[in-house]
Amino acid sequence: MAARHVPVPEAPAPVLEVRNLTVHLRAARGVVRAVAGVSLRVAPGEVVGIIGESGCGKSTLLSAIMGLLPPGGRVAAGEVRLAGWDLLRLPERQLRSIRGREVAMIFQDPLTALNPFYPVGWQIEEAMRVHGLWPRRAERRRRVLELMAWVGIPDPARRYHAYPHELSGGMQQRVMIAAALANHPRVLLADEPTTALDATVQAQILDLLERINREQRTAIVLVSHDLRLAGQFCHRIAVMYAGQVVEEGPALQVIESPRHPYTQALLRSLPPLEGERRAALEPIPGSPPDLAAPPPGCPFHPRCPLATDLCRQAAPTLRWAGAVAGAGRTGHRAACHHLPDPAEEAIS
Amino acid sequence: MRTAVRILQRVLGAVPLLLALVIATFVFVRMIPGDPVDILLGQGGNVSAAEVAALRQSLGLDEPIQVQLARFLRGLLEGDLGHSFWQRQPVARLLVTTLPATVELALAALFFALAIGIPVGILSAVRPGSLLDRLAMATSFLGISMPAFWAGLMLMFLFAVKLRWLPSVGRLDPALDLRPVTGFLVLDSLLTGNWPALRSALSHLVLPGLTLGLELMAIVARVMRSSMLEALQQDYIRFARAKGVSGWSAVLRHALPNALVPTVTVVGLQMGVLLGGNMVVETVFAWPGLGRLVVGAIFARDYAVVQGAVLLYAATFVLANLLVDILYAYLNPKLSL
């Protein structure tokens, strides 16, 4: 029985919704379209991975959601909605009361993201102080120590007074996570949170993020270049290339049956897993396009083995892919002219 | 406790340096052409050779230089800096009476440099390329390149002569009577509750303080701007903003303490200039300080005063640097003394 006309059950209202977002950055070579029409829905308690090579716009996307684009950055079009607020149209004062309270963010390198001048406990407490949810100092202090213990920092009373450089990378990352969680945000944006850490610590931090998601029901947007890591950790994955989402869907489907040639190439470029029948890692030929002058048509066509004249002329849009056609959060979609017709596939 | 020991070590470690400096000064000042005895007796010519020899002997200048040096060093151990044959007073007393004026002036200059330089640097960095930024940087360039005697005369001409807002020379209105306590007139007038004297002392400090502080002000503004620009690009600023910290709070609480480190370094290096490089400013504003004393002593070949003053300059410089290092350790938790 073909499932293609079965209506998908109504998805829960997203806690974070990005609609058709386009971000321009002013660079030396002119205006760069770092994010080009990205749409993203994150349901409450959901973990969404955003995957791509460096420079594909994934970090800029997070900065735009936070309303913290670097100087010269500008949202050219689109909408960001967080639990009903239209973030891009809020005045700075109100936006400030949402940052760190409803939506929080952690960064790649905890040592540079923590201020070297202040003890780490102070930096966690600051996140509570600025939002005034706990106006009494003693109570804030108690909550900071609880939070430090909860994220796995041993002996919090002593570590409260430590400076960032006195802690290990993993402890620094826990401090940053504690500061981000200080006000129980609905959404946590994590920008390559494990890239700067060694492998064993990486696993611990991922465990911690998973616990945050499970126990606090915090939705997490994980930005990473590591497709396999995201496949294990996320419910859904969006693959970005040249500022656009080229494929998205349930994590397992994207990893196990990638539809976009870029996602397929990304997977082949990873070292083979044990027992996997594949010679070695295959790098993707060529380099990502210059976003100041993106190629016409599909942005991936200069590096794509399937490229045809159609790809060089017309940009593909996201279409349903995979055997089960659907809508909303259960759907698997890709932006490629060479997707097999879902109808045909479903019948065959 | 450990800090106190370290500080003591630093102070004691400076002793060999000071000793070497004293000996070098002792030798070099005697190499300046011109004989102090001739200068003391005048160029009149109606002085007999016997009188010259007698004076030379009474000043101890007839002995070999190593004997003179040994006597001077022995005196130093007893806290005796020698005797000024030009001012006919113990050198120590001369230094003690002039040093407060010089330190007071240097502190005023430091105050102006920091109170104007730091905010200007911050505002320039927060809005780089703005009208304020370009104006500030152009003005600071002027501040660095303008010679102090000229700047001093211009300020004096404008504010003392034309506008008559501020006094031009001296430390205090001569009509006022102030009982000396420490020699720092601002402090003395506060201690004795002498408000007219306080007013007068402060107003006398403005023009020479500005003149002396002008260069440092310009340097501070520029260093502050560049280190602030760098600090504002750091991840910790983005993270603070992501926590919900306001823009100005991120600038003042997060960027400023980190950006102050290079500024403190520069100020520490320039403290020596403020204390020891003020001969011109003290001369222009008839400021009765150490700088003017040294200028006079050099012309009179008053060896003892020059030696004592150099020793004092060096000691204050060492002390100022120690203060900077202590401040440094506070600003940068990664360092310790």
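The values are calculated or read from the model by the stated rules, or taken from the named source; none is laboratory data. Remember, it's a predicted structure, so these values are computed and weren't measured experimentally. We place every Cβ from the backbone using ideal geometry, glycine too, and count neighbours over all the protein chains shown.
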Problem set entry | Filtered residue count, segment B:42-81, keeping only those that are assigned to a loop (DSSP other than H, G, I, E, B), among the acidic types (Asp, Glu) and free of Cβ contacts under 8 Å to residues at least 12 places away in the same chain | 3
Exercise. Quick check, is A:GLU274 within 22 Å of A:LEU339 (Cβ to Cβ) and surrounded by fewer than 16 Cβ atoms within 10 Å (Cβ to Cβ)?
Worked result: no
Exercise. For segment B:246-258, what are the residues that are more than 10 Å from chain A (Cβ to nearest Cβ) and within 12 Å of B:LEU229 (Cβ to Cβ)?
Worked result: B:VAL251
For this session: Need at least 1 residues that are in contact (Cβ under 8 Å) with a residue 24 or more places away in the chain, closer than 30 Å to A:ALA315 by Cα and small (Gly, Ala, Ser) per element, so show me which helices (runs of 4 or more DSSP H) inside segment A:176-268 make the cut, counting only ones lying wholly within it.
Result: A:227-233, A:251-256, A:261-268
Exercise. If B:VAL295 passes every condition in (1) surrounded by 20 or more Cβ atoms within 10 Å (Cβ to Cβ); (2) over 30 Å from B:ILE122 (Cα atoms) but one, which one does it miss?
Worked result: (1)
Exercise. Somewhere in segment B:156-167, is a residue of a type outside the set (S, T, N, Q), touching a residue at least 24 places away in the same chain (Cβ under 8 Å) and not in a helix (DSSP H, G or I)?
Worked result: yes
Seminar exercise, completed: The residue from B:GLY143, B:GLY117, B:GLY152, B:GLY121 that alone is crowded, with 16+ Cβ neighbours inside 10 Å, in contact with a Ser or Thr (Cβ under 6 Å, 6 or more places away or on another chain) and of a type in the set (Gly, Ala, Ser) is B:GLY152
For this session: Say whether the condition of being within 13 Å of chain B (Cβ to nearest Cβ), surrounded by fewer than 18 Cβ atoms within 10 Å (Cβ to Cβ) and under 26 Å from the mean Cα position of the chain (by Cα) is met by at least one residue in segment A:112-128.
Result: yes
Exercise. Which of the residues that make up segment A:78-111 are facing another protein chain (nearest Cβ under 8 Å) and of a type in the set (Gly, Ala, Ser)?
Worked result: A:SER97, A:GLY100, A:ALA104
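Yes/no matrix, rows are residues, columns are (1) modelled with pLDDT under 90; (2) surrounded by fewer than 21 Cβ atoms within 10 Å (Cβ to Cβ); (3) more than 14 Å from every other protein chain (Cβ to nearest Cβ); (4) in contact with a helix residue (DSSP H, G or I) (Cβ under 9 Å, 6 or more places away or on another chain):
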residue	(1), (2), (3), (4)
A:GLN173	no, no, no, yes
A:ILE177	no, no, no, yes
A:ALA182	no, no, no, yes
A:VAL187	no, no, no, yes
A:ASP191	no, no, no, yes
A:THR194	yes, no, yes, yes
A:ASP207	no, yes, yes, no
A:GLU210	no, yes, yes, yes
A:ARG214	no, yes, yes, no
Exercise. Name the residues in segment B:162-182 that are of a type in the set (S, T, N, Q) and surrounded by 13 or more Cβ atoms within 10 Å (Cβ to Cβ), would you?
Worked result: B:SER168
